[in-house]
1. Give the residue that is nearest to residue 74 (Cα to Cα), with candidates limited to residues of the stretch 1-28 that are assigned to a helix (DSSP H, G or I) and in contact with a strand residue (DSSP E or B) (Cβ under 6 Å, 6 or more places away or on another chain).
2. What are the residues in the stretch 29-43 that are over 13 Å from residue 65 (Cβ atoms) and either touching a strand residue (DSSP E or B) at 6+ places or on another chain (Cβ under 8 Å) or surrounded by 14 or more Cβ atoms within 10 Å (Cβ to Cβ) (or both), if any?
3. Please state which of the following conditions residue 130 fails to meet, knowing it meets all the rest: (1) farther than 25 Å from residue 34 by Cα; (2) touching a helix residue (DSSP H, G or I) at 6+ places or on another chain (Cβ under 9 Å).
4. Please specify each residue of the stretch 162-186 satisfying the condition of being under 25 Å from residue 248 (Cβ atoms) and loosely packed, with under 15 Cβ neighbours inside 10 Å.
5. Does residue 120 satisfy the criteria of being buried (at least 19 other Cβ atoms within 10 Å of the Cβ), touching a strand residue (DSSP E or B) at 6+ places or on another chain (Cβ under 6 Å) and in contact (Cβ under 8 Å) with a residue 12 or more places away in the chain?
6. Looking for whichever is touching a helix residue (DSSP H, G or I) at 6+ places or on another chain (Cβ under 6 Å), modelled with pLDDT of 95 or more and surrounded by 15 or more Cβ atoms within 10 Å (Cβ to Cβ) here; the options are 159, 142. Which one fits?
7. Do the conditions hold for residue 84, that is, is it surrounded by 17 or more Cβ atoms within 10 Å (Cβ to Cβ) and farther than 26 Å from residue 211 by Cα?
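The values are calculated or read from the model by the stated rules, or taken from the named source; none is laboratory data. Values in this document were obtained by computation on a predicted structure and should not be read as measured data. Note: ideal-geometry Cβ built from the backbone for every residue, glycine included; neighbour counts use all protein chains shown.
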């Protein structure tokens, strides 16, 4: 293959999304970019995902199948596929309930290859959609240009995971995905961008489905808890880049939104009133030298 087209490993994370997998794989095999290998890593699905993956593998030589004998979790599944099966210079991860624009990899490679030694990853915009009784409904578009600090302090999803193309060597350098963190992609982008530059592609390159029953987006409480841990961990490693005010503001935002959603949806009025008093006290503690211990205390209070 022409060296002008570095190999891209497109890794499909498959788990119990048989009814969406065909559209996902169609978008993968029909990419306009000419040098792609496709790795389908099925994390022990118990629906028809494996049968669908096998049909595609029989039709396309560029597809490699990984069928797990037991479920190992999303992050571990991706780490193994990327480290032990992928051989591309660049990695593109695709969840099996989402799909790509036909020019996704072409557009992202063009961006990152504008200075391949400079950028650790490229990303673009994602079109949100969901299925209703009337069919597929397109929603808003997410993804905006940002930098490391903007990503750390984000109040919205600035880097949709479906849009990211990253360098395999940089992925290895930061240790891959952390299986102990639920929001593994956000943690990965922060780790990659803390010591590397990245570039934005101002185009819709992927389509992200919301409302899937087993999606992490359904576990809002667990996700916010994970983000709090991520913010604390990244701050400890990057105090020269993140001010204490930015750290406090970001964690405070996550704690407040967590409590508001959890209490008003699940708890009684009396507990909500008690919580308001606790949060007011918590705000004062944020500005003391004991902040890190308060964060630990609050997290334990939330999940006791």
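1. The residue in question is 24.
2. 29, 31, 33, 35, 36
3. For residue 130, the exception is condition (2).
4. 180, the sole residue that qualifies.
5. yes
6. Answer to the check: 159.
7. no
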